Amino acid sequence: MGSITLKNVSKVFGAHAVIPSIDLDIHDGEFVVFVGPSGCGKSTLLRLIAGLEDVSDGEIIIDGKNTTDLPPAKRGLSMVFQSYALYPHMSVRSNIAFPLKMAGEDKAVIDKKVEDAARVLNLTDYLDRKPRQLSGGQRQRVAIGRAIVRQPEAFLFDEPLSNLDAALRVNMRLEISQLHQQLKTTMIYVTHDQVEAMTMADKIVVLNRGRIEQVGSPLDLYHKPDNLFVAGFIGSPKMNFISGASAAAHQAHTIGVRPEHLVLSKDQGSWRGTVGVAEHLGSDTFLHVNADGIGTLTARVSGDFAVTHGDQVFLTPDPQRVHRFDEKGMAIR
Amino acid sequence: MATLHTRSAARLMIAPSVLLLLAWMIVPLALTIYFSLLRYNLLMPGMEEFAGLTNYTYFLTDPAFFQAIFNTLAIVIGVLFITVVGGIALALLLDQQMFGQGIVRILVIAPFLIMPTVAALVWKNMFMNPVNGLFAWLAKLVGLQPFDFLANAPLFSIILIVAWQWLPFATLILLTALQSLDEEQKEAAQMDGAGAWSRFVYLVLPHLSRAITVVILIQTIFLLSVFAEILVTTNGGPGTQSTNLTFLVYAQALLQFDVGGASAGGIIAVILANIVAFFLMRMIGKTLEA
C-alpha cells in the first residue's frame with residue numbers, strides 16, 4: 001500500500017547541496033515525523049517526495065513503483081500545507097470536492113465522499129461557508145478533509161500546526177493522531193517542534209543540514225541518542241552537556257545528563273552550585289543552576305522541592321542515565 | 001474621530017477643499033445647463049436668446065448622434081475586451097521566470113507613458129499609412145494590396161490604437177494581482193491533480209476577478225471620453241464613422257460654433273455616463289465588496 005522508499009536521494013540548488021544524499025524506508029501505515037532545526041532540509045525532503053521539487057539524483061519509490069519522474073498528482077499522495085492553501089473563493093464543500101472533481105468523479109460519488117469526510121472532521125455545519133469565515137482550527141480541518149477524500153497512499157503534512165495557538169495545537173495534534181488510528185494510512189509529518197515529533201510519531205527522522213542524524217522510535221531517540229545533535233534536540237528542557245574533568249571521570253569526551261536525571265539535594269552530592277533561576281510550573285520546577293567548575297546546568301525537580309534564587313544545592317547525575325560521547329560527538333555504548 | 005470635538009474640527013478642516021471642489025463642479029455644470037437652453041452661436045454674437053429644449057431635440061434627432069452613441073460603446077467594449085484578454089495573457093507571460101525580465105517589463109509598460117496624440121500619430125503615419133506604413137510594406141511583401149486602415153476601417157483602427165495604449169495598464173494591474181497569488185495554493189492545486197488549464201480557470205481567474213473589475217472600472221471612465229486619438233487620425237470620419245460622443249460635442253461647438261447645441265450634447269453625455277456608471281457599479285460592485 002503506502003510504503004515509501006528513498007534511494008540515494010539528493011537535492012542541489014545551484015552550488016549548494018541542500019540534501020547531499022538520503023536513504024530512507026517508510027513502511028505502510030507508519031506515522032513518520034521529520035524533525036530538525038529550520039533550514040535542515042526537512043521541508044525540501046517532503047517536497048521531493050510530493051513531487052513539488054525535482055530530485056537532483058536518486059530514486060523515490062512509492063508503493064513499489066518508481067515515481068521519481070511522475071508529476072505530483074500521479075503519485076497518489078495528499079499534502080496539507082503550512083498556510084492550509086485553501087482556495088479562498090470556493091466554499092468548504094467545493095474545496096474538499098476539488099481533488100475529486102479534478103479526477104473526474106461522478107457528482108453523486110463526490111457528494112457522498114465530501115459528506116463522509118465532513119462527518120469525520122466535524123465540518124458538516126460549515127460546508128457552505130467560505131474559508132475566511134472559519135477559525136484557524138476549522139481551516140486546518142478543511143485542509144485535512146481535502147487531503148483525505150482522495151484516499152491517498154500517504155499523507156504529507158508540512159508544519160501544519162505552526163499557525164495555530166498553543167492550546168489549539170495540542171488539540172489538533174491529538175486529532176491528527178486519532179485520524180491516523182482511524183485511517184491507518186502512511187503519514188509523513190514535518191515539524192521543527194520536538195514535542196510534536198515525540199508525541200505523534202511511530203518513527204522519528206532527525207535531520208540536520210540535509211543529513212539524517214538518527215532514525216528511530218521516540219523512546220529510542222530519547223534513551224539512546226546516536227550523537228550530540230540528537231541528544232540535544234530531543235527532550236525538553238535540553239540535555240546538559242558537560243566536558244572536561246567530570247566527563248573524563250566517565251571515560252568520555254563529553255557526557256550528557258538530562259535535566260530529569262539529575263538528583264538534587266540541599267546537603268550532599270557530586271556537584272555543588274547556586275540556583276540562578278527557578279521556573280515553577282506547579283507539577284515540576286526547572287532550575288538553572290550555576291555549578292562550580294562546570295557551568296550552567298538545567299535540572300528538573302518535583303514541584304514541592306522548595307528553592308529560590310541564590311540557594312546552594314548539590315546535584316548528582318543518575319549513573320545509569322549518563323550519556324557518553326567521544327570527541328566526534330558520537331555516542332559511546 | 002473619537003470625540004465630538006475632533007469630529008467638528010475635522011469638518012472645519014476639510015470644508016475649504018470641499019467648497020472648492022463643489023464650486024469647481026457646480027459652476028461649469030450650471031453654466032453648461034444654462035447655455036444648453038440658449039440659442040447661442042459664436043458666429044452671431046450678441047444674438048443669444050432663450051430657446052427652451054430646442055437644442056436637445058436638435059441634438060437627439062441628429063443622425064450623427066446615434067452613430068456617435070454606437071461608436072462610443074464600440075470603443076469602450078472593444079478596447080475593454082482587447083485589454084482584459086490581452087492583459088491576462090501578457091501578465092501570465094511576464095509572470096514566468098525569464099532572461100531580461102526587468103527590461104521586458106519596462107518595455108511592456110512604455111506605451112502607457114506615451115501621449116495619446118503622439119501614439120495616434122505614430123500609428124497613423126508609421127503603421128497604418130497605406131503608402132509608407134509598416135503594415136502596407138508587410139502586405140506588399142507577401143504580394144497583397146495594402147489596406148488603408150483609417151479610411152476603410154476607421155473605428156476598428158481607433159479601437160486598435162486605444163487598446164495598444166491601455167494594454168500596459170491592464171497588464172500591470174493584472175500582473176501585480178497575479179504575483180500576489182499564494183504559491184502554496186498553486187502547489188495544492190497541483191497535488192489535487194489540476195492541470196495548467198484547470199489551475200487557470202479555478203484558481204487564477206477567480207483570484208484575478210477583483211483586479212479585472214478595477215481595470216474595467218478605471219478604463220471605462222477614460223474610454224468614454226476618447227478624443228485625441230480621433231482628432232489626429234480620422235477627425236471623426238469618413239463621414240461620422242469614427243465620431244464618438246466626445247468628438248461630436250467638440251464638432252458641434254468648435255467646428256459649427258454652436259455653443260448651445262454642444263452644451264446640450266455635453267449634458268446628454270453626462271447623463272449617459274451616469275447610466276453606464278450605474279449599471280457598471282451594479283454589475284461589478286459585488287466583486288469589490290467581497
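The values are calculated or read from the model by the stated rules, or taken from the named source; none is laboratory data. Quantities reported herein were computed from a predicted structural model and do not represent experimental measurements. Every residue, glycine as well, gets a Cβ built from its backbone with ideal geometry; the counts of neighbours run over all protein chains shown.
Conditions (1) buried (at least 19 other Cβ atoms within 10 Å of the Cβ); (2) over 21 Å from residue B:208 (Cα atoms), marked per residue:
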{"site": "B:63", "(1), (2)": "no, yes"}
{"site": "B:71", "(1), (2)": "yes, yes"}
{"site": "B:76", "(1), (2)": "yes, no"}
{"site": "B:89", "(1), (2)": "no, no"}
{"site": "B:99", "(1), (2)": "no, yes"}
{"site": "B:103", "(1), (2)": "no, yes"}
{"site": "B:111", "(1), (2)": "no, yes"}
{"site": "B:116", "(1), (2)": "no, yes"}
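Whether a residue is away from every other protein chain (no Cβ under 14 Å) and charged (D, E, K, R) was assessed, and residue A:115 passes this test. Within segment A:227-245, residues that are within 20 Å of residue A:279 (Cβ to Cβ) reach partners that are in a loop (DSSP other than H, G, I, E, B) and not aliphatic (A, V, I, L, M) with beta carbons closer than 7 Å, at six or more positions or on different chains, in the pairs A:232/A:238; A:235/A:258; A:239/A:258. Only residues that are aliphatic (A, V, I, L, M), away from chain B (no Cβ under 13 Å) and under 13 Å from residue A:189 (Cα atoms) were counted across segment A:36-71, and they come to 1.
If you take just the helices (runs of 4 or more DSSP H) that sit entirely in segment B:176-245, which of them hold at least 2 residues that are facing another protein chain (nearest Cβ under 10 Å) and either touching a Pro at 6+ places or on another chain (Cβ under 7 Å) or within 23 Å of residue B:158 (Cα to Cα) (or both)? Per the criteria, B:183-191. Selection of segment A:114-130 for residues being modelled with pLDDT under 90, outside any helix (DSSP H, G or I) and surrounded by fewer than 18 Cβ atoms within 10 Å (Cβ to Cβ) yields only A:122. Residues in segment A:97-109 that are within 13 Å of another protein chain (Cβ to nearest Cβ) and without any contact (Cβ under 8 Å) to a residue 40 or more places away in the chain were compared, and the one that is nearest to residue B:195 (Cα to Cα) is A:102. Give the residues of segment A:173-208 that are of a type in the set (A, V, I, L, M, F, W, C) and closer than 24 Å to residue A:76 by Cα, sorted by residue number. Across segment A:173-208, the qualifying residues are A:176, A:179, A:183, A:187, A:188, A:190, A:200, A:201, A:204, A:205.
Per-residue answers, yes or no, for (1) modelled with pLDDT of 85 or more; (2) assigned to a strand (DSSP E or B); (3) buried (at least 21 other Cβ atoms within 10 Å of the Cβ):
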site	(1), (2), (3)
A:104	yes, no, no
A:112	yes, no, no
A:132	yes, no, no
A:141	yes, no, yes
A:147	yes, no, yes
A:156	yes, yes, yes
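Could you tell me which residue of segment A:6-60 is surrounded by the most Cβ atoms within 10 Å (Cβ to Cβ), considering only residues that are over 15 Å from residue A:210 (Cβ atoms) and of a type in the set (Val, Ile, Thr)? Applying the filter and picking the extreme gives A:33. Report whether or not residue A:277 is β-branched (Val, Ile, Thr) and more than 26 Å from the chain's Cα centre (by Cα). Spelling it out, residue A:277 is indeed β-branched (Val, Ile, Thr) and more than 26 Å from the chain's Cα centre (by Cα). Considering segment A:72-84, and only residues there that are crowded, with 23+ Cβ neighbours inside 10 Å and aliphatic (A, V, I, L, M), the residue that is farthest from the other protein chains (Cβ to nearest Cβ) turns out to be A:80. Of the residues making up segment A:312-333, those that are surrounded by fewer than 17 Cβ atoms within 10 Å (Cβ to Cβ), in contact with a Lys or Arg (Cβ under 8 Å, 6 or more places away or on another chain) and either without any contact (Cβ under 8 Å) to a residue 40 or more places away in the chain or not basic (Lys, Arg) (or both) are A:312, A:332.
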